[in-house]
Amino acid sequence: MKILAIGRNYVAHIQELNNEIPDEPVIFLKPDTAILRNNEAFYLPSFSQDIHHEVELVLRVCKEGKNIAVEFAHKYFDAIGLGIDFTARDLQTKAKEKGLPWEIAKAFNGSAPISNHFIAVNEFADLKNINFHLEINGEIKQKGNTGLVLFDFNQIIHHLSKYFTLKTGDLIFTGTPAGVGAVKIGDRLKGFIEQKEMFDFEVK
Ligand code: ZN
């Protein structure tokens, strides 16, 4: 399986990092070695002094396809979970300055904690109005609503599938809302979709 991810989707987050509003979503990938499950602890890596949390809704792909049209895209994912796209912001900033790729900043070991539980798509009344948030040590740090994106789920599927064949079991990180920031040892991260707790793990 693979993890596909979208950068620069929530406008307020684009602005907080002083990035340009893109015409197309920015795409990157994470390997399966990035995944943390079962609320496993995240160990701060030694190569970065600035690991940021980015809470994101995660789509589960349920059907193989490529070059998927927007109007059929909804058939290709069946459930939504929650994850953190951990980002070594210092390494990413250097990479951006030099025009280099982002892998060491985005795809390192443990950079993708993902909820065990995924909520079936048909349990949501409106995919364009899903609330999610991240709490650290009991304080809300990031809040998102899918009404605030540049590219909705169907557009993301359409765009990604131009370049990458989607396969059953692939996961798609759909972008983070504003409020990203550094994590430190001892932090406890809890993620919610609506009022449902999706994950709860510690930074070590
Ligand atoms: Zn992200």
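Values for this structure:
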item	result
Number of positions in segment 1-58 that are of a type in the set (S, T, N, Q), surrounded by fewer than 14 Cβ atoms within 10 Å (Cβ to Cβ) and more than 16 Å from residue 115 (Cα to Cα)	5
Pick from segment 64-89, criterion more than 16 Å from the ligand (Cβ to nearest atom) and under 20 Å from the mean Cα position of the chain (by Cα), ranking: surrounded by the fewest Cβ atoms within 10 Å (Cβ to Cβ)	74
Flag for residue 158 being open to solvent by 20 Å² or more (accessible area, probe 1.4 Å) and either in a loop (DSSP other than H, G, I, E, B) or touching a helix residue (DSSP H, G or I) at 6+ places or on another chain (Cβ under 7 Å) (or both)	yes
Condition met for residue 141 (free of Cβ contacts under 8 Å to residues at least 60 places away in the same chain and basic (Lys, Arg))	no
Subset tally (residues that are hydrophobic (A, V, I, L, M, F, W, C) and in contact with a Ser or Thr (Cβ under 7 Å, 6 or more places away or on another chain)) for segment 1-44	2
Filtered residues of segment 123-148 (kept if loosely packed, with under 10 Cβ neighbours inside 10 Å and either on the phi > 0 side of the Ramachandran plot or at pLDDT below 95 (or both))	138
Every residue from segment 11-50 that is of a type outside the set (A, V, I, L, M, F, W, C), within 13 Å of the ligand (Cβ to nearest atom) and closer than 21 Å to residue 90 by Cα	13, 16, 19, 30
Filter pass, residue 197 being without any contact (Cβ under 8 Å) to a residue 60 or more places away in the chain, away from the ligand (no atom under 16 Å from the Cβ) and surrounded by 13 or more Cβ atoms within 10 Å (Cβ to Cβ)	yes
Segment 71-125, residues that are assigned to a helix (DSSP H, G or I) and of a type in the set (D, E, K, R)	71, 75, 89, 90, 94, 96, 97, 98, 103, 106, 123
Residues of segment 170-185 satisfying the condition of being in a loop (DSSP other than H, G, I, E, B) and open to solvent by 30 Å² or more (accessible area, probe 1.4 Å)	178, 184, 185
Condition check for residue 120: modelled with pLDDT of 95 or more and away from the ligand (no atom under 16 Å from the Cβ)	yes
Residue that is nearest to residue 53 (Cα to Cα), among those in segment 23-36 that are touching a Phe, Trp or Tyr at 6+ places or on another chain (Cβ under 9 Å) and part of a loop (DSSP other than H, G, I, E, B)	25
Residue match in segment 94-101 (condition: open to solvent by 20 Å² or more (accessible area, probe 1.4 Å), more than 26 Å from residue 184 (Cα to Cα), in contact (Cβ under 8 Å) with a residue 24 or more places away in the chain and among the basic types (Lys, Arg))	no
Checklist (1) more than 12 Å from the ligand (Cβ to nearest atom); (2) β-branched (Val, Ile, Thr); (3) under 22 Å from residue 157 (Cα atoms) applied to residue 93, failing item	(3)
Per-region count, segment 44-103, residues among the acidic types (Asp, Glu) and more than 16 Å from residue 173 (Cα to Cα)	5
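The values are calculated or read from the model by the stated rules, or taken from the named source; none is laboratory data. All values derive from a computational prediction rather than experimental measurement. Please note: Cβ atoms are built from the backbone with ideal geometry, for glycine as well, and neighbour counts cover all protein chains shown. Calculation scope for accessible area: heavy atoms of the full protein, side chains included, ligands and nucleic acids excluded. Shrake-Rupley method; radii C 1.70, N 1.55, O 1.52, S 1.80 Å.
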